[in-house]
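Scroll down for the structure; my scribbles are underneath it.
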Number of protein chains: 2
Amino acid sequence: MTTGHTTKNLIRDAARSLFAEHGYNGVSMREIAQDVGKHPGGIYNHFPNKQAILVDVMQENLSRSHEAVIAPLNDDLDPSHRLEQFVRSHVRYNIANSDDIFIAYMELRSLEPDGAAHILKERKDYESALRSILRDGQNAGVFKISDPAIHARSVLSMLAGVTVWFRQSGPQTPTDVVECYVQAALQSVGATYSTPPER
Amino acid sequence: MTTGHTTKNLIRDAARSLFAEHGYNGVSMREIAQDVGKHPGGIYNHFPNKQAILVDVMQENLSRSHEAVIAPLNDDLDPSHRLEQFVRSHVRYNIANSDDIFIAYMELRSLEPDGAAHILKERKDYESALRSILRDGQNAGVFKISDPAIHARSVLSMLAGVTVWFRQSGPQTPTDVVECYVQAALQSVGATYSTPPER
DNA sequence: GATATAAATGAACGTTCATTCACGTCAATG
DNA sequence: CATTGACGTGAATGAACGTTCATTTATATC
């Protein structure tokens, strides 16, 4: 997942998958160290403490997801297509980084105030990017929603849910799942959804 | 929340709110005891161990939510109205029991195998009740969904999200929020939603 | 009012936790 | 070749964990 095989990256990777499986409080430094094949004390050569690993993992996810979903948004498109673009890349990112999304959703409460401030801000930015799309669509009369803020949150929690059950080894292909969630998300705000052309 | 003021109920209530706030692993028996105004050892007069408190809280929620949402479902209604009935009572229950819903969503992984089996089964039943409504609607041609199973999960995770942000003290009334989520859920499966008549 | 049962206490148990530290190793640098 | 600094080890630290237990206190039963 993370590029490079430095010990620091191995720690990040081990922590990400362990945090996603057992939760921050359910994982010990010993377990992380063992996953990396090192001793617990050695981790402190790379991170000052356990909390810093969580903050690091969360921030890396936030900047990667921002780059993958928010940055490419094309402001010239009409609200419907902008929303479809957002949802498609968002779901695609969620599926490809399900551990990160799961952690982002579940471990906000495990953040101590220092790390929480910055991460909550980036989170709000993400949510408000979606909210402004919804507002535009509402003003243009192409979405049927009674409250853009609530609908934005409802779309995000709906899409976050995919990480709870989806496994690459399951019956569905990622493409099928993405398409299904795109349909559900677009329809949920009353946008028209048409199945993509066969390839 | 729980009726009666027996110590056992007080422990349940304290644990529910602490688990919801900090997670199962983030709460100690000492904290629960302190919330109840007792000493840690005394809890073991009422529950055999910490895990049993979690199982107890989760099971109480499952039976209450089943009674409030699944049991009243009227099989004679057409799929659209059955779905609306389901979503409305489900969201209403979620709002009134947000700690329980939060725990049900977050702490499945904290369950040891014994307790997990029964709780996962009840959960599956709940999900399949919604799935069969969606399948009926799909067959009747009134829903626009490509996969009833995925759409069922997507609706449930969307509605579970309300517990993350909604507070009784906030600007919206529960009725507003319920109505908004009913709209989002119905639209997400392509069902027609019409605003309820003014009262 | 004596007796049985339930509930609460306060201290302790062994274990695990995150973190620290003195010390070894070894590649890169001057 | 000597030195440095980054990295890893293995043992140790004190605190916190879930749980146990002998004992005391409260409540109900006869």
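When the charge dipole of region B:1-138 is built from unit charges on Cβ atoms (+1 for Lys and Arg, -1 for Asp and Glu) and taken about the Cα centre, the candidate among B:Q85, B:F19, B:Q34 whose Cα reaches farthest toward its positive end is B:Q34. If a spin label sat at a point 7 angstrom from the Cα of B:A116 along the line to its beta carbon, no backbone N atom of region B:142-169 would be nearer than 17 Å. Backbone N atoms of region A:124-158 closer than 13 Å to the 7 Å Cα→Cβ label point of B:D176 belong to residues A:146-151. HN-Hα J couplings of region B:57-64 from phi, Karplus 6.51/-1.76/1.60, θ = phi - 60°, integer Hz, Gly and Pro as x? Values, residue by residue: 4, 5, 5, 4, 5, 4, 6, 5 Hz. Put simply, the Cα atoms of region B:1-47 extend 25, 24, 16 Å along their principal axes, the longest span coming first. Residue by residue, region A:82-89 carries 3J(HN,Hα) couplings of 5, 5, 4, 4, 4, 4, 4, 6 Hz when phi is fed to the Karplus relation 6.51 cos²θ - 1.76 cosθ + 1.60 (θ = phi - 60°); x denotes Gly or Pro.
Here A:E127 and B:N45 are evaluated by their C-beta separation; at R0 = 41 Å the FRET efficiency comes out at 0.35. Expressed as a fraction of 2.2 N^0.38 Å, the C-alpha radius of gyration for chain B is 1.13.
In this entry, region B:84-199 is assigned a mean projected area of 8.2 nm², taken as a quarter of its C-alpha convex hull surface.
The P(r) of region A:65-128 has a tail past 14 Å containing 64 percent of all C-alpha pairs.
What value, in deg cm²/dmol to 500, does the helix sum -39500 (n - 2.57) over DSSP H runs of n ≥ 4 give at 222 nm once divided by the residues of chain B?
Working: 9 runs with 126 residues, N = 199.
That calculation yields -20500 deg cm²/dmol at 222 nm.
With an 8 Å Cα cut-off and a minimum separation of 6 or more residues, compute the relative contact order for chain A in percent. Worked out over chain A, it gives 22 percent.
Computed over region B:21-65, the quotient of the alpha carbon radius of gyration and 2.2 N^0.38 Å is 1.20.
Per 0.36 nm of contour for each residue apart, how much would the distance between A:R167 and A:T195 grow if the chain were fully extended, relative to their Cα-Cα spacing?
Between A:R167 and A:T195, full extension yields 7.7 nm more.
Across region A:115-123, computed HN-Hα scalar couplings (Karplus, 6.51 cos²θ - 1.76 cosθ + 1.60, θ = phi - 60°) run x, 4, 3, 5, 5, 5, 5, 4, 5 Hz from first to last residue, x flagging Gly and Pro. Just so you know, the Cα atoms of the protein assembly as shown work out to an Rg and Dmax of 21.8, 67 Å.
Readers should treat all values here as calculations from the given coordinates under stated rules, not as data from a laboratory. All of these numbers come straight from a predicted model, not from anything done at the bench. Cβ: placed from backbone, ideal geometry, glycine included. Neighbour counts: every protein chain shown.
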